[in-house]
Every structure is written in C-alpha cells, then in structure tokens.
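Right, one structure below, let's go through it.
The values are calculated or read from the model by the stated rules, or taken from the named source; none is laboratory data. Since the model is a prediction, treat every value here as computed from it, not as a measurement. Backbone-built Cβ (ideal geometry, glycine too); neighbour counts: all protein chains shown. Just the protein is used for accessible areas: all its heavy atoms, side chains included, with ligands, DNA and RNA removed. Shrake-Rupley method; radii C 1.70, N 1.55, O 1.52, S 1.80 Å.
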Amino acid sequence: MGYDHKAMAITARGAWESVKRHFSELDLDTQSEEFTVVGVGDMSGDVFGNGMLLSKHIRLLAAFDHRHIFLDPTPDAASSFGERQRLFELPRSSWDDYDRSLISAGGGVYPRQAKVIPISPEVRRALGLPDGTVQLSPPELLRAILLAPADLLYNGGIGTYIKASTESHAEVGDKANDVIRVNGRELRVKVVGEGGNLGMTQRGRIEAALQGVILNTDAIDNSAGVDCSDHEVNIKIFVDRMVAAGKLDASERTSFLADMTDEVGRLVLEDNIDQNILLLNDRTRVAEWSPSYERLMDWLEKSADLKRDLEALPTTETLRERLEQGQGLTSPELSVLAAYAKIELGSALRDSDLADDPWFRKTIRSYFPKQLRERFDAELDTHPLRREIIATVVANDMINLGGITFAFRTMEETSATEVAVAKAFVALREIYELESMVRELNALPASFPTEHWSTVHLDIRRLLDRAVRWLLSQGNASKPISEIVAEFKPMMDPMRARVLDYLRGSDKERVTGWLEKARSWAFPTRSPIAGPSCSRASCSWTSPRSRTAATPVWKRSATSTTRYSTASTSIHCWSELPRSRAMTAGRLLPVQPCATTSTRP
C-alpha cells in the first residue's frame, strides 16, 4: 500500500500553493476572485485535472493535450468548474467528452490531427491574435495558446514547450514539440505554474522572469509529489520495523498507513508554502542583496561543485549588468541557489554531532504524522535515518526562515561552524517564539497586502540575523540548546509583553509609531504583530524603511539601556531588562531591530 498521489492531489496542491502566492503579488486571491487560465493537459491527468479543480474561480480559456485542443473564449466560471469536475471523475476522459452546450460562443473542441481549425472572433480576442485571423493549423494554434495574454499558464502535461531565445530546439532535446515551442520572452501571461516536469527550460524561465512573468521552477512547484514520496519511504521504514518488532500487527499496517494520509498531505504542503515564502521574500530585496548572492555563488563553486553555466546562473559580470538596469537574480535562479544552499548545509549538519543534542527529539517528531508519533513516541528515536531527517529539517527551516544566504553570511562574518549557527538558530527561534509569529502572519487573509506581509517577514529575518550573531559572540555554541533557551527565554517573555514600559522619550515614541502603523495596516488587534502593548512580539516588525544613523549614540534610563550602532545603512537596537529583574553578566540581548533597512549584504 502506498499513498496515491492522484487521489491526494498532492502534486497539484503543491503547485497551487505557488500559484496562490504568485497571484498575491498581484493583489488577486485565486480562491475568491476570477482569473483566466490557459494550460497544457486534460482533466483525466493527475496534475492538470486536480489543478483545475483547486479553485472555483478559474476561467479556462484554452488547453491542449496530445489528442485535442479545447477552446472556451468567454467561460462561465461556475458551470465550467462543474463540467471539469465531471470529466475528472470519468474514467479515461478526454476534452472530447466536454459538454459542448457549456462552451461559450466561438469555442469548441478540435482534434490535434485536423488540417486547420477555424478561429472565431471570440477566440481571436481571447488569445490576442491579429485581426483577420480566421483559421490556424494545430501547431499555430498551440503556439497561440502558449502565448495568450491570460493571467495564468498552468502546465500539467508532458513535453518542453518554452525555451530561451538564445537556445536552439536541438539543445532542448524534445523534438516532438519543436514546431510548438515558444520563447520565454514572448510569454504574455502574468504567472506560470509548473505542475508538470520540464515544461520550460531553465533559461526559458529566466528569460520569462526578466520580462516580468512571475514563476519559480518545476522543482519548486511540483516538489510536493517528491516530498510525499520521501515521507512515505521514511514512514514505511519505521512502520515495518514496528511490525518486525511485534509492536504493530501486520494486518493493521495498511489501515494505519491509510489513516495518516491527510496528515502526510498537510506536512508536505507546509514545505511548499515555506519555499514560496522564502523565494518571495528574497526576491523583494534581490538587487540590494546581490553582493551576498555573488559571494554565495563563488563559495558554492569552490565548496559544493556548483557549475554556473550548467545551472544557467549568471556570471558576476552578467549579474552586474542586470543591476545597472535595476534587475537582480530571478526567482528561477534563486530557486537553484536555495536548493544548493539547503543541500550543502544539510550535508554538513548530517555529518556533525548536531542530532546528538536532546532538543532534536522534537524535530524528528515534527517530521512524522501525529498518528505515528502518538502511538510510537518512545520508539521514534530508533529510526535508522534519524540523523538525516533532523539535518534536512533543520537546514530547510534555517534557509526558509532566514533566507538563502542566511547560514552562509553568518559563517562568513563570525567564522562559526554550520553546527554552531544551527544551534543558535534553533535556540533563538524558540526564545523569540518565531514559529508562532510566522504561523499567525501566514494565516492573514489573502487580501492582506503582500508588501506589508513581506515587510514583517523581513523584519523577523533581521531580528534573527542579529540575534544569532550576538548569541554566537557569547560563546554559547557548545551548550545544549535547552540550556540556552532556559537562560534567555524567561527574560525575553516579560520584555516582549511590556516592551513599551521599558522605553522612554523618543525611543518610546518611535516604537509606538511602529505599533500604530501595524494597526493602520489592519493587523488583527490580538495578533503578535499589533496586539496590546506589542504583546508577544517585537513592535519593530512595522518599522519605517528609511531610518538610518550616522553615528553610534547611547541612551540610558532607570529601566533600560538602548544602543544604536551603525552597520552600513541600518540601525541595530539592543535592549537589556531592568537590572532589578534580570541581569546576565552585563550582556545585551537583542530585542528588536530599529529599522527595516538591511544589514551589510
């Protein structure tokens, strides 16, 4: 028994998380607002069929597979959704099974083998074809669908349909689609979702992204299917050990695995969501942070066998030419860097003693479905891949939350090892309760402006950046994580709950201003972002972007010490609890950044 990917719709659901996040940048909620789609695939397929049922607001203008071409130039979202669902539930359906009475005027279903296909005025407008176009050959029509001015191009089929203008068809290596294939710079859609594999070449993606199309890579978009398989293998390894040990009856194995299906899906989709958040946040300041990406690529070439040309990553010269035009690395390129950063970090953590820290008993349990950990909690630490799972989870968390260059920059600036950085990250995530902050932030409605949403995420990153460096400077790397948390969390909880009580004068006015800005952004009033007295959070999450400082200044009051120190274009804020409440050898624990401008890239 295995997890049925089509029944779970797991690959399509993962790709749809990318689609939803991309459209949020356009202030469009795919789950409540209508949008137009063109696609590759049919309703009998896993990825396309499931994908086209993930929103009732899809207006599918056109699609094709190896058998038929479907055209519905002015579709009704509700009735077409119902018909797509009917086709999906039919065994071995095709577009030819579509109820023609539900297709809008001028549309139809045509065989790919037809010599010519009539083009109605409605189809001409929907596909943005030149005036006077009255018929096209099937290959010409397929190219027109790929180049339609729709909101979304969703690929759920087989084949490579988009390349870069600098690539030849021979370089693509998919001869069957040579007459159909288009160039990335020619795309007129706003968003691309890649549920299928290899629908675009990497250079084609980059070319499209440089023209303003929002997209990731197929490795990101359809990773839920791969992740689901990984979870399945690791679960079965453990379950089979429990059967062999007599702790689970063999007759119960299949039903036990099946009971975990929904929970496995939830765990897998969390990874897709986190990866999309990572890429969006890195893309927000990609030009400003370009120096750190350049250094990371240089390091990966030396240490991780990165081949820039093979991965279609730009040379330093090319990247700097882009920067002169206001462009940095694209999301497809950042996707590749994120993968290399995670793999390299995960390998280092796997080969270290990180997993020996008792704290990571929590980590191994968070990876598995609740049904498994509730029943076999005592046995989970015997999983033969325990170290590998812990290393992978921690590396993913560090990059997803801290950013693609987070671990690299920290090691570069502090000379700390990967293990030391990881332990500091894990400890501070607990001390500041960053998981609950991020969870509540991500739970905000889709209507919440992405600019504000990303600003808060970047402030969390900044807090993490500075706090990790501070903690490493205190020589805590050799301590168990539980000791670090026990030392600082009791001090941080009251500080976070009453931060305004510890500030005076202009400091208090500034932080109060940030709090009011958070409330003006319509954060929930009891959220950790804009709650009463900044409860359970750093008020500076909503700090103004433009504040800088020219010289360090010290201010003291009866209850707090606040230091402002310059580092490039940023202000660092450090606060200390009142001496009467807590003191740790005169050390200053970072409480919040004073501004949203970035530290040295």
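Would you be able to say whether some residue in the stretch 100-113 is in contact (Cβ under 8 Å) with a residue 12 or more places away in the chain, among the charged types (D, E, K, R) and farther than 22 Å from Ala208 by Cβ?
Among the residues of the stretch 100-113, at least one is in contact (Cβ under 8 Å) with a residue 12 or more places away in the chain, among the charged types (D, E, K, R) and farther than 22 Å from Ala208 by Cβ, which makes the answer yes.
Would it be correct to say that Gly128 is open to solvent by less than 60 Å² (accessible area, probe 1.4 Å), on the phi < 0 side of the Ramachandran plot and in contact (Cβ under 8 Å) with a residue 24 or more places away in the chain?
The answer is no for Gly128.
The conditions are (1) farther than 26 Å from Ala477 by Cβ; (2) touching a helix residue (DSSP H, G or I) at 6+ places or on another chain (Cβ under 7 Å); (3) part of a helix (DSSP H, G or I); (4) open to solvent by 40 Å² or more (accessible area, probe 1.4 Å), and Glu374 fails exactly one of them. Which is it?
With respect to (1) farther than 26 Å from Ala477 by Cβ; (2) touching a helix residue (DSSP H, G or I) at 6+ places or on another chain (Cβ under 7 Å); (3) part of a helix (DSSP H, G or I); (4) open to solvent by 40 Å² or more (accessible area, probe 1.4 Å), Glu374 is out only on (2).
So which residues in the stretch 127-172 are within 17 Å of Gln202 (Cα to Cα) and polar (S, T, N, Q)?
Asn155, Thr160, Ser165, Thr166, Ser168 - these are the residues of the stretch 127-172 that are within 17 Å of Gln202 (Cα to Cα) and polar (S, T, N, Q).
Could you give me the residue pairs with C-beta distances under 8 Å whose first residue belongs to the stretch 472-490 and is more than 18 Å from Pro358 (Cα to Cα), whose second residue is modelled with pLDDT under 90 wherever it lies, and which are 6+ apart or on separate chains?
Close Cβ pairs satisfying both conditions: Gln474/Arg587; Phe488/Thr584; Phe488/Leu589; Pro490/Ala582.
Just checking, which of Lys307, Lys302 is of a type outside the set (Val, Ile, Thr), modelled with pLDDT of 95 or more and more than 20 Å from Val213 (Cα to Cα)? Walk me through how you get there before you give the answer.
Numbers: Lys302 fails: modelled with pLDDT of 95 or more.
Within the list Lys307, Lys302, the selection yields Lys307.
Which one of these is surrounded by fewer than 21 Cβ atoms within 10 Å (Cβ to Cβ) and either in contact with a helix residue (DSSP H, G or I) (Cβ under 7 Å, 6 or more places away or on another chain) or under 30 Å from Glu430 (Cα atoms) (or both): Glu294, Glu301, Glu252, Glu321?
Residue meeting the stated conditions: Glu294.
For the stretch 270-324, give me the residue count where each residue is of a type in the set (Asp, Glu), more than 19 Å from the chain's Cα centre (by Cα) and assigned to a helix (DSSP H, G or I). Don't jump to the end; show me each part of the working.
Of the stretch 270-324, the ones of a type in the set (Asp, Glu) are 270-271, 274, 282, 288, 294, 298, 301, 305, 309, 311, 317, 321, 324.
Filter once more, keeping what is more than 19 Å from the chain's Cα centre (by Cα): 288, 294, 298, 301, 305, 309, 311, 317, 321, 324.
From what is left, the residues that are assigned to a helix (DSSP H, G or I) are 294, 298, 301, 317, 321, 324.
Going through the stretch 270-324 one residue at a time, the tally reaches 6.
Condition first: in contact (Cβ under 8 Å) with a residue 40 or more places away in the chain, crowded, with 18+ Cβ neighbours inside 10 Å and farther than 15 Å from Leu329 by Cβ. Can you find one or more residues in the stretch 276-289 that meet it?
Within the stretch 276-289 (the criterion being in contact (Cβ under 8 Å) with a residue 40 or more places away in the chain, crowded, with 18+ Cβ neighbours inside 10 Å and farther than 15 Å from Leu329 by Cβ), the answer is yes, since at least one residue qualifies.
Please go through the stretch 325-341 and give me each residue that is outside any helix (DSSP H, G or I), within 15 Å of Asp282 (Cβ to Cβ) and either of a type outside the set (S, T, N, Q) or without any contact (Cβ under 8 Å) to a residue 60 or more places away in the chain (or both), ordered by number. Explain how you work it out, then say what you get.
At the first step, the residues of the stretch 325-341 found to be outside any helix (DSSP H, G or I) are 325-330.
With the extra rule that they be within 15 Å of Asp282 (Cβ to Cβ), the set shrinks to 327-330.
If the condition is that a residue be outside any helix (DSSP H, G or I), within 15 Å of Asp282 (Cβ to Cβ) and either of a type outside the set (S, T, N, Q) or without any contact (Cβ under 8 Å) to a residue 60 or more places away in the chain (or both), then Gly328, Leu329 are the ones that fit.
Check Ala258, Ala245 and return the single one that is open to solvent by 50 Å² or more (accessible area, probe 1.4 Å) and modelled with pLDDT of 95 or more.
On the way: Ala258 fails: open to solvent by 50 Å² or more (accessible area, probe 1.4 Å).
Criteria check complete, one pass: Ala245.
In this structure, is Phe448 open to solvent by less than 30 Å² (accessible area, probe 1.4 Å), farther than 30 Å from Val243 by Cβ, aromatic (Phe, Trp, Tyr) and not in a helix (DSSP H, G or I)?
So Phe448 fits the description; yes.
For the stretch 416-438, what are the residues that are of a type in the set (Val, Ile, Thr) and surrounded by 22 or more Cβ atoms within 10 Å (Cβ to Cβ)? It would help to see each step written out before you state the result.
The initial filter retains those residues of the stretch 416-438 that are of a type in the set (Val, Ile, Thr), namely 417, 419, 421, 426, 431, 438.
Across the stretch 416-438, the qualifying residues are Val421, Val426, Ile431.
Which condition breaks for Ser229 when tested against (1) assigned to a helix (DSSP H, G or I); (2) polar (S, T, N, Q); (3) in contact with a strand residue (DSSP E or B) (Cβ under 9 Å, 6 or more places away or on another chain)?
Unmet for Ser229, out of (1) assigned to a helix (DSSP H, G or I); (2) polar (S, T, N, Q); (3) in contact with a strand residue (DSSP E or B) (Cβ under 9 Å, 6 or more places away or on another chain): (3).
Could you say whether any residue in the stretch 488-503 is of a type in the set (A, V, I, L, M, F, W, C), over 29 Å from Phe425 (Cβ atoms) and part of a loop (DSSP other than H, G, I, E, B)? Full working, then the answer.
Applying the first criterion (of a type in the set (A, V, I, L, M, F, W, C)) to the stretch 488-503 yields 488, 491-492, 495, 497, 499-500, 503.
Checking which are over 29 Å from Phe425 (Cβ atoms) leaves us with none.
The answer is no, given that none of the residues of the stretch 488-503 is of a type in the set (A, V, I, L, M, F, W, C), over 29 Å from Phe425 (Cβ atoms) and part of a loop (DSSP other than H, G, I, E, B).
Within the stretch 144-159, take every residue that is among the hydrophobic types (A, V, I, L, M, F, W, C) and within 24 Å of the chain's Cα centre (by Cα) and give me the one that is nearest to Pro73 (Cα to Cα).
Selected residue: Ala150.
Counting only residues that are open to solvent by 50 Å² or more (accessible area, probe 1.4 Å) and in contact (Cβ under 8 Å) with a residue 24 or more places away in the chain, give me the strands (runs of 3 or more DSSP E) lying completely in the stretch 1-81 with at least 3 of them. Break it down into steps so the answer makes sense when it comes.
On the way: elements: 35-40, 58-64, 68-71.
Answer list for the stretch 1-81: none.
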